[in-house]
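Data block below; observations after.
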Amino acid sequence: MSLKEKYVLRFSRLNRGLHIFMIISFLILSLTGMSLKFSYTGWAKVLSKFFGGFESAGYWHRFAAVIMIIVFITHIVDLFRVKRKEFGSWKGLLIGKNSMLFNKRDWKDFKGSLKWFIGKGERPEYGRWTYWEKFDYFAVFWGMFVIGSTGMTLWFPEFFTNFFPGWMLNVATIIHSDEALLATGFIFTIHFFNTHLRPEKFPMDIVIFSGRVPLEEFKLDRPQEYKDLVEKGELDEYIVEQYPPIVLRGMKIFGWTALSIGFSIIIWIIYAMIFVYR
Amino acid sequence: MRRLILFIFFISISLSRIFAQSNDDCLMCHDDPNFKAKIDGRTVSLHINPKSFTSSVHGSLDCVDCHEDFDADDVPHRKEITKVECGNCHDDVQELYVECLHGKAKAKGDPLAPLCQDCHGKHDILPVKDHLSAVAPMKIPFLCGKCHREGTPVQLQRNIPQDRILENYSESIHGEGLLHKGLVVSATCVSCHSAHRILPHTDTRSTISRQNIAATCAVCHAEIETVHRQIIRGELWEKQAHILPACVDCHQPHEIRRVYYDYGMADKDCLECHDNPNLITSYNDGTSLFVDYEEIKNSRHANIACSQCHSEVNISKHRPCETIETKVDCSTCHAEIGSEYSISMHGSLAAKNDENAPTCKECHGTHGTLGKLNPKSPTFSINIPELCGRCHREGENAAVRYTGTEKDIVNHYTESIHGKGLIKSGLTVTATCTDCHTAHKELPHTNPESSINRNNISSTCGSCHHGIEEQFEKSIHSPLVSDTDKELPVCFDCHSAHEIKRADTEGFKLEIMTQCGRCHEEIAETYFDTYHGKVSQLGYTKTAKCYDCHGAHDILPTINPESRLSRNNVVETCRTCHPSANRQFAGYLTHATHHDPVKYPFLFWAFWGMTGLLLGTFIIAGAHTLLWLPRSLEWRRKLKKMHKERSEPSESNEENKKEE
C-alpha cells in the first residue's frame, strides 16, 4: 500500500454536512441581504429580480436564516454528543488538547507564525486546530448572536417594539447590515484566502467536503497533531481511502460555485462602495 | 294743415249753403235701400245709410263737401259725378300714397291698385282707434290679405316676392299675438310696411329695406340691442347694418319666430352660381367656388343663411356678393369666442399674419362645420388630439417653433392616462388637449391668464378632479395654507403635464418619490437609507412611500392634529401596513441617517462602532494574511517537490502490484 493512497479523516460526516448547509444558507443570506443593502446599484436590482422580487427575496432570506439556525443548533447538540463520546467531560472538551477554545498554545503559535512570516523562525508545528481556524469558528458564534438577534428584531418589529423603542429598529438595522458586511467580507476574502487561495492550497481545498487530507500533507501541515496521533497509536483509526474521482469532481463543482458567488459578491460590494456610494 | 283746409271749406260751404244741397236733400233719394242705378252696365246700389254716415268720422260734413262739382238739383244727376278725392283734405297722406307701390299702380291705371276706399271704406269710415274700424289692428291682416293671400289676382299676377303671406303671418309670433292673443299692439302689416308708403325692400327709403329694417323693428323692439348681444354687438348694429346680418336674415319676414328659420332669404340666390361644381375664381388660380349645399345642410349651420356669414352682400346688385370685401368673421355671432381667440397664442399669431397661425376654419372647417358633440367633427373630444397633433406633433410646424420643455407631446399624451381613457377606452369625458389648454384661449404657461399657469392649474385640473382640488386646497402645499416665498408644488410637478400616469401604476409610485425629493431633498435621501426606501429603490412599490404616510393631496404638517402623522393618527397610519403596530413601533425613524451625531446619536455611534469593528478585523486579519503570503509560496514549492518525490516510487509500486 503506497503512502500516496493514505488519507487522514479530518472532519466528521456530520460536520461536513453542516458546512455544506452553512455555505448554502450563508450565500443565500448574503445575496438577498446585499441586494437590499446596496439597493441603489444596478446589480442589486437584478439580484432582487432573480430572487423573485424583494418580497420573495425576503422569504429566501428568512428561509436561509432558519436553515442556518438549524445548522447552528445541530452543531450545539452535536457538541454534547462529541463531549460524551470523544472527550468524556466538558473539561476535556473545553480545555483539552483539541479544544476549540483559545489557549496558551494558540498564543504561542500566533507569535511563532508572525516570526515565521518575517523569516525569524520555522513554521510552528500546528495542532488539530490552528488559531485562525478557531477565530473563524468563533466568528460564527459572534455572527449568529449579533446578526441573528438583530435579524429576529427586524423580522418581528411589531413584537419587539413592545419592549424596545422604535429607534432600536434603526439601530438593529445598522448593526445587522454592517455585521453582515463584516461577515461576508471576512468569509469571502480572509477565510477564502486562508483555506483556498493560499498558494499551497490554490485554487481550492476540498477537505471540508471530502474530510480527507493526504497523510503526507497532513504530516507537514499539522505536525503536532500527527505526532499526537502517532504517540497515542490512534493514527490508523483516522486513515481512510479517498472518494472516487466522480465524487471529488462533484465536490469541486460545488466548491467552485460557492467560491464564484462569494467573489462576485465581494466585487459587487467593492463596486458599490467605491463607485456609487451614497 | 288739415284743420285750415277744413276751416276754409267750412266757410265756403257756409256761404254756398243758400244754393247748395243739404244732406237731407241728398238723403231724400239715397235713404232708400232699394235705390239703385245702372252704371257702366252694372247695377250699383246708391243707398247711403244715414245712421252709419252720421256716426262716421265724416259725419259732420256735408255730402257735397266730398262729392264736388256737380249740379245737385239736376235729378237724376245727368252729369257724370267726379270721383271723391280724399287727398283734397288728406293731402299729406295723399303724398305718401302717390309714392308708394299702391299709388304708382293706380297712376299706371292698374285695375288691381287699391284706392283709399278699398281699405278705409266710403261713408262709414270709423276712427282707426275704434276697434270696428276697417283699419283697426285686428282687421289689418285680413284687409291686406284681401289682395295679398294665395290665389288672389294680386298674388298671382303681380310680382310679389313672398309666398303665403297671410298664412305665414298668422302663424308667426306677431300673428299669434294679434290673432290668437288679441294683443292689438302686436306688429301688423302696417307696422313694418307702413300704412300708406308701402315700398319694395329694394328701395332704400323703404321701412323694410336692409338698412332700415333694424330701425323699423326697433320701434317696438326698442331694447333689442341690449338683450340681443349674442348676435349684434350693440354699436355696430344700426350704424353698419350692411356688415351685420339684418333682422330678417335670421327672423324671416312674415314667419318671425324665436328660432332661426331653415331657409336663408338669399341662399337660393347664392346657389344660382355657387351650385356649379366648375365655378372657379376669376383670379385664374383655379380655386373652386363651388358650394356643396348638402354639406351645409348637414352642418351645424344648416339653419344659417349664406349672407349671415358672408355679410356685406348687396341684394340690389346682380351679383350680391360683389360688394363683399372682408372674409367671414365668425365672431360676429360667436363674439365671446372671438374675443378669447384674439388674446390666445393662435389669435395673436394670426393677428401678426403668421402663416402657421390657425384660424377658426383650420379646426372647425368651413361650410361643413359640425358641433363638438358630433363624432364626425374634428373638434369631437376623441378627435382633438389628432386635430391639435396636425401642428403639435413632433416635426410639425408648431412643434418645431415650440421652445418649451415638453417633448413629443402627442405621443406622450396618447400613452397617458388621459390619452388611454380617451383613445383606447373611448371615454369622451376624458381630458383632452382643450380641456386643459382651453379650446380658444390657449396661452403659454408663463402667461398669468393661462389655464395652465402655475397659479391656475389646480383649478383647471379641478374642473374634473374637483374632489382632489378640494383636498389640495387644504393641504400644506396650497398657497391658501402656506404663506411662503418658495415655489409650492402644483398638479403637474408631480403628475407631469402630458405623460400623466395612473397613480396606482408601479411607474408612478416609484417616480413620485423623486418628485417629492426635488424639493424635500434631505428627507428623501434619508428615506432611502431606511428599509422602506431601499425596497422602493429596488423598484418595488409594496413598502411605504412618501404618500402612504404623508398623504397625497391632503398633506398636512405633522403638528396639525388632522395630519396622518400627528401623535393621535400616526399609529393608525402605520397600521395600514403593519396591523399590529403599537405606539413604540411608530417611533421607528423613517428618515433616519447615521451621519448626524446630534440628531441621531444612537445611530451614529452604532454605525461607527460597527465600522470600527469591521475595519479593525480586516486590518488585523488582512495584515496576517498578507504576511503569510510569501511563506505560503515557499511552502507550496516544498509540497510540490514532495509530491514529485512521492509520485515516482508510487508508480513503480503500482507496477509491482500488477506483477503480483
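Rule-based calculations on the coordinates, nothing more; no lab input. Owing to the predicted nature of the structure, the values given are computational and were not obtained by experimental measurement. Neighbour counts run over all protein chains shown; Cβ positions are idealised from the backbone, glycine included.
Shown here for region B:267-371: GluC sites (Glu not before Pro) in loop regions (DSSP other than H, G, I, E, B) with at most 11 other Cβ atoms within 10 Å, namely B:Glu325, B:Glu355. Computed extension length for B:Asn455-B:Glu362: 30.4 nm, one decimal, from 0.36 nm per residue of separation with the Cα-Cα distance subtracted.
A Stokes-Einstein calculation at 25 °C with viscosity 0.890 mPa s, built on the Kirkwood radius of region B:512-598 over Cα pairs, returns a diffusion coefficient of 181 µm²/s. In chain A, Cα pairs under 8 Å separated by at least six residues give a relative contact order of 32 percent. Listed by chain and number, the lysines placed with their C-alpha closer than 23 angstrom to that of B:Lys599 are A:Lys37, B:Lys534, B:Lys545; residues fewer than eight positions away on the same chain are left out. Partners of B:Lys146 within straight-line reach, counting lysines whose Cα lies under 25 Å from its Cα and excluding those fewer than 8 residues away in the same chain: B:Lys83, B:Lys104, B:Lys106, B:Lys108, B:Lys122, B:Lys129, B:Lys181. Here region A:3-275 is assigned +1 on the Cβ of each Lys and Arg and -1 on the Cβ of each Asp and Glu. Its dipole about the Cα centre then comes out at about 280 debye. A simple rule links phi to the HN-Hα coupling: the Karplus curve 6.51 cos²θ - 1.76 cosθ + 1.60 with θ = phi - 60°, which for region A:93-109 gives 5, 8, 10, x, 5, 9, 5, 7, 6, 5, 9, 4, 4, 5, 4, 4, 4 Hz, with x for Gly and Pro. Look at the stretch A:157-164: the mean tally of other chain Cβ atoms within 10 Å of its residues' Cβ atoms is 5.
Note on B:Thr438 and B:Asn411: with the Förster distance fixed at 22 Å, the Cβ-Cβ geometry gives a FRET efficiency of about 0.50. With both labels modelled 7 Å from their Cα along Cα-to-Cβ, the B:Glu312 to A:Phe263 distance reads 8.8 nm. What does the extension gain come out to for B:Lys51 and B:Glu295, with contour length at 0.36 nm per residue minus their alpha carbon separation? Gain in length upon complete extension: 81.2 nm.
Ranked by how many other Cβ atoms sit within 10 Å of their own Cβ, fewest first, the residues A:Lys108, B:Lys352, A:Lys201 fall in the order B:Lys352, A:Lys108, A:Lys201. Pairs of C-alpha atoms in chain B farther apart than 45 Å represent 57 percent of all such pairs. Built from the Cα atoms of the protein assembly as shown, the convex hull projects on average onto 72.6 nm², one quarter of its surface area. Work out the FRET efficiency for B:Val93 and B:Ser288 from their Cβ-Cβ distance, taking R0 = 45 Å, and round it to the nearest 0.05. E(calc), rounded to 0.05, equals 0.25. Can you return the lysines within cross-link range of A:Lys232? Criterion is Cα-Cα under 26 Å, with same-chain partners fewer than 8 residues away left out. Leaving aside lysines fewer than 8 places away in the same chain, those within reach of A:Lys232 are A:Lys4, A:Lys6, A:Lys83, A:Lys85, A:Lys91, A:Lys97, A:Lys104, A:Lys108, A:Lys134, A:Lys219. Nearest 0.05, what FRET efficiency do B:Asp32 and B:Leu156 give at R0 = 35 Å with Cβ-Cβ as r? Plugging the Cβ-Cβ distance into 1/(1 + (r/R0)^6) gives 0.35.
Placing dummy labels 7 Å off each Cα toward the beta-carbon, the span from A:Lys104 to B:Val185 is 13.4 nm.
Since only B:Leu143, B:Cys86, B:Ser133 are under comparison, the one whose Cα sits farthest along the positive direction of the charge dipole of region B:50-143, derived from C-beta charges on Lys, Arg, Asp and Glu, is B:Leu143. Taking 7 Å steps out from each Cα toward its Cβ at B:Glu506 and A:Ile239 produces label points 6.3 nm apart. Start at zero, step by 5 Å, and the Cα-Cα distances of region A:3-275 spread as 1, 5, 10, 14, 16, 16, 14, 10, 7, 5, 2, 1, 0 percent across the bins.
From helices alone, the protein assembly as shown scores -14500 deg cm²/dmol at 222 nm; the rule is -39500 (n - 2.57) for each run of n ≥ 4 DSSP H residues, then divide by the residue total. For region B:353-492, a simple Cβ point-charge model (Lys and Arg +1, Asp and Glu -1, everything else neutral) yields a dipole of about 480 debye relative to the Cα centre.
Across the residues of A:206-216, average count of Cβ atoms on other protein chains within 10 Å? Averaged over the peptide's residues, the number is 1.
In order along region B:270-281, the phi-based Karplus estimate (6.51 cos²θ - 1.76 cosθ + 1.60, θ = phi - 60°) of 3J(HN,Hα) comes to 4, 5, 3, 9, 7, 7, 7, x, 9, 6, 10, 5 Hz; Gly and Pro are listed as x.
Between the helical axis of A:223-232 and the longest alpha-carbon principal axis of chain A there is an angle of about 60 degrees. On full extension, the segment bounded by B:Val219 and B:Lys104 gains 38.7 nm, given 0.36 nm per residue less the C-alpha separation. Here is the size of region A:174-278 from its Cα atoms: Rg then Dmax, 18.3, 60 Å. Under the criterion of Cα pairs below 8 Å and six or more residues apart, the relative contact order for chain B equals 5 percent. In this structure the amide hydrogen of B:Ile280, modeled in the peptide plane, comes within under 5 Å of the amide hydrogens of B:Leu289, none closer than 5 places in sequence on its chain. Computed from phi, the 3J(HN,Hα) profile of region B:180-187 under the Karplus parametrisation 6.51, -1.76, 1.60 (θ = phi - 60°) reads 9, 10, x, 8, 6, 8, 4, 5 Hz, with x in place of Gly and Pro. Between B:Tyr293, A:Thr74, B:Phe618, the Cα set farthest toward the positive side of the dipole of the protein assembly as shown (charges on each charged residue's Cβ, about the Cα centre) is that of A:Thr74.
Under Stokes-Einstein, with the Kirkwood radius over Cα pairs standing in for Rh, what whole-number D in µm²/s applies to region B:468-624 at 4 °C and 1.567 mPa s? Translational diffusion coefficient: 72 µm²/s. Placing unit charges on the Cβ atoms of the charged side chains and taking the dipole of region A:168-278 about its Cα centre, the candidate lying farthest along the positive direction among A:Phe192, A:Ile269, A:Ile246 is A:Ile269.
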